[in-house]
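Structure record follows, encoded as structure tokens.
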Amino acid sequence: MQDKIILGLLLDGDKSSYDLKKSMESSTGFFYNSSQGSIQPALKKLAEHGHVRITEERRGARIKKTFSITEEGEKAFLRWAGEPIDLEKPRDPALVKMFFFNYVESAKQRELVEAYLREIEQVEGMLSMFQQRNAEHLRQNEALLHDPKVKSRLDTLEFGSAYYAFLKDWYGKYLNRIEEELEP
């Protein structure tokens, strides 16, 4: 999946691996984990398959590598994007932990769920900030509302907001059940 994300982001324009990482952090990183350590091997694989081109530019003692998508890479990406969507099982470490909560004292369960809820609220805050920025930008340039790329990215942002709102609501109710069990 990492390679598909990279190709999709390169359709927006050439990027360094650092630029790719930053783009992922503020977009796909909310629903697909990426690390600099996984980006480099994916770029190498994409280059070997002829899906990206590497341009090197010397900047003093450093060499800056910039990656661009090739015609073959674009075809591969569009082929993948047009395939049926596979339904995958959720991979949620919180659910795995919760599955084994019977081995954890209720007070510790409460502590863990409260910490998890704080993390959810932080992500909600960041998504809300992105939504506000986008709304302001769209008010200034309403033509963007008709851009299919903008629409699909706004839809993804809306899904992310709804997803984290669901998590916050569900884990909030779960926390209430834990607290009820702690009452004497």
### Message
Only four residue types carry charge here, +1 at the Cβ of Lys and Arg and -1 at the Cβ of Asp and Glu. Report the dipole size of the chain about the Cα centre in Debye, rounded to the nearest 20.
### Response
860 debye
### Message
Run the reach check for Lys64 against aspartates and glutamates, Cα to Cα strictly under 17 Å, same-chain hits fewer than 8 apart removed. What comes back?
### Response
Asp14, Asp19, Glu56
### Phi to ³J(HN,Hα) by Karplus 6.51 cos²θ - 1.76 cosθ + 1.60 over the stretch 161-168, Hz, x for Gly, Pro
4, 5, 4, 5, 5, 4, 4, 4
### Task
Compute the separation of the alpha-carbon centres of the stretch 112-132 and the stretch 2-66 and state it in Å as a whole number.
27 Å
### Query
Roughly how tilted is helix 71-81, in degrees to the nearest 10 and between 0 and 90, from the longest Cα axis of the chain?
30 degrees
### Query
Taking +1 at the Cβ of each Lys and Arg and -1 at the Cβ of each Asp and Glu, which of Ile63, Leu9, Ser35 sits farthest along the dipole of the chain towards its positive end, judged by Cα position relative to the Cα centre?
Ile63
## Note on the structure
As straight-line cross-link partners of Lys65, the qualifying lysines (C-alpha separation under 20 Å, not fewer than 8 residues apart within one chain) are Lys4, Lys15, Lys21, Lys22, Lys44, Lys45
### Largest-first ellipsoid semi-axes for the chain, taking √(5λ) over the Cα gyration tensor eigenvalues, angstrom
38, 21, 17
#### Entry: Residue-count net charge about Lys65 - beta-carbon cut-off 9 Å; Lys, Arg +1, Asp, Glu -1
-1
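Based solely on its DSSP helices, what 222 nm [θ] is calculated for the chain when runs of n ≥ 4 H residues each add -39,500 (n - 2.57) and the sum is averaged over all residues, nearest 500 deg cm²/dmol? Let's see the in-between values first.
Values: 7 runs with 119 residues, N = 184.
Helix-only estimate at 222 nm: -21500 deg cm²/dmol.
Read-outs: derived from the displayed coordinates by stated rules, not from any lab. Everything quoted here is computed from the prediction, not taken from an experiment. Cβ coordinates were reconstructed from backbone atoms using ideal geometry, including for glycine residues, and neighbour counts include every protein chain displayed.
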